[in-house]
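Undergrad: Following this message is one structure expressed as structure tokens.
The values are calculated or read from the model by the stated rules, or taken from the named source; none is laboratory data. Quick caveat: nothing in here was measured; it's all calculated off a predicted structure. Note that each Cβ is placed from the backbone with ideal geometry, even for glycine, and that neighbours are counted across all protein chains shown.
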Amino acid sequence: MTNPIVDPFVEAVDVSATTDLVRIEATAEGAVTVVLNRPERKNAFDADLISAMEEAFRTLAGAEGVRVMFIRGAGGMFSAGADLEWMRSAIDRTEADNRDDAHAMAVMLKQLADLPFLTVALIEGGAFGGGAGVACACDMAIATPDARFSFSEVRLGLIAATISPYVVQAIGPRQARALFATGRMFDAAYAEKIGLLSEVAPSAEALDLAHDRIAADILACAPGAVAESKRLVAEVYGHAIDNRLMDHTARRIAAARVSDEGQEGVRAFLERRKPRWASPNDEE
């Protein structure tokens, strides 16, 4: 697991984004963990937590040396969704005020989805409503078997609006319609089946091991190529495989082959050595 931020990495990450609500931990190699830190409220979202998360993601997006980011919830719960007191206050607010609140959530999720490095949600306890939306906005999500999920907004007369683009992209429109319309709770095995989870870790200890495994895997990968690979998925998804797309993908790999990382990676492979971005502690 990550340790508190250590000196070799402090210059790369502006730790001013660490607050009482969001804690940032990092290793010198660039593995960052963002911890949602409202355990007394089961890490439920309110305006302050959403703002703190957006600030943390914006800070990390501009930091040098970040290779992978994990998101966890303090106290054994990923997130219970919207805070009840925050929801209660929304009843007496105008539609314009509620729109501003919702837009802040949408901006935070977009900031998360656009991060140029691998993002991984590590889920214990449960991820409900917006919490499940955050998991879907990450590149990967892993949960313990006892974790539970739901999009229960309809049971309150609401809809899963701001999280919907990421949920639909993760699980597909048919599953999203069924889960949005019923609001039913489902377990980690079902979440993995529909694509909300990348895998289920058999225990909390195994979740920690998955963290370490993914961090080690990503440190063997070229950071620029990781960012370009994420961008590539967005560029090709949903498009017809026609001459335009084939030309685009040919141009993308050609540019990668002549890039500094591409040249270094191929030379390192041919010379049977590690590329410059690989951790010296990686196994051959």
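Undergrad: P202 passes all but one of (1) in a helix (DSSP H, G or I); (2) out of contact with any strand residue (DSSP E or B) (no Cβ under 7 Å at 6 or more places or on another chain); (3) surrounded by fewer than 16 Cβ atoms within 10 Å (Cβ to Cβ); which number fails?
TA: (1)
Undergrad: Looking at P116, is it over 30 Å from W277 (Cβ atoms), assigned by TED's automatic domain parsing to the domain that holds A215 and surrounded by fewer than 19 Cβ atoms within 10 Å (Cβ to Cβ)?
TA: Spelling it out, it is not the case that P116 is over 30 Å from W277 (Cβ atoms), assigned by TED's automatic domain parsing to the domain that holds A215 and surrounded by fewer than 19 Cβ atoms within 10 Å (Cβ to Cβ).
Undergrad: Another question, if that's okay. When you scan region 236-247, do you find a residue that is loosely packed, with under 12 Cβ neighbours inside 10 Å, outside the structural domain of E64 (by TED's automatic domain parsing), within 26 Å of E64 (Cβ to Cβ) and not aromatic (F, W, Y), even just one?
TA: Checking region 236-247: not a single residue is loosely packed, with under 12 Cβ neighbours inside 10 Å, outside the structural domain of E64 (by TED's automatic domain parsing), within 26 Å of E64 (Cβ to Cβ) and not aromatic (F, W, Y).
Undergrad: While we're looking at this one, here's another question. If the requirement is being touching a Gly at 6+ places or on another chain (Cβ under 9 Å), modelled with pLDDT under 95 and more than 22 Å from H211 (Cα to Cα), which of these qualifies: E95, E85, E11?
TA: Criteria check complete, one pass: E11.
Undergrad: On to the next question. I need a count of the residues in region 144-191 that are assigned to a helix (DSSP H, G or I), within 19 Å of the chain's Cα centre (by Cα) and within 18 Å of S79 (Cα to Cα).
TA: Here the count works out to 5.
Undergrad: Taking the criterion of being over 22 Å from T119 (Cβ atoms), buried (at least 17 other Cβ atoms within 10 Å of the Cβ), assigned by TED's automatic domain parsing to the domain that holds A121 and in contact (Cβ under 8 Å) with a residue 12 or more places away in the chain, would at least one residue in region 153-167 satisfy it?
TA: Taking every residue of region 153-167 in turn, at least one turns out to be over 22 Å from T119 (Cβ atoms), buried (at least 17 other Cβ atoms within 10 Å of the Cβ), assigned by TED's automatic domain parsing to the domain that holds A121 and in contact (Cβ under 8 Å) with a residue 12 or more places away in the chain.
Undergrad: In addition: Report yes if S198 is under 21 Å from the mean Cα position of the chain (by Cα), of a type in the set (S, T, N, Q) and farther than 30 Å from A161 by Cβ, otherwise no.
TA: no
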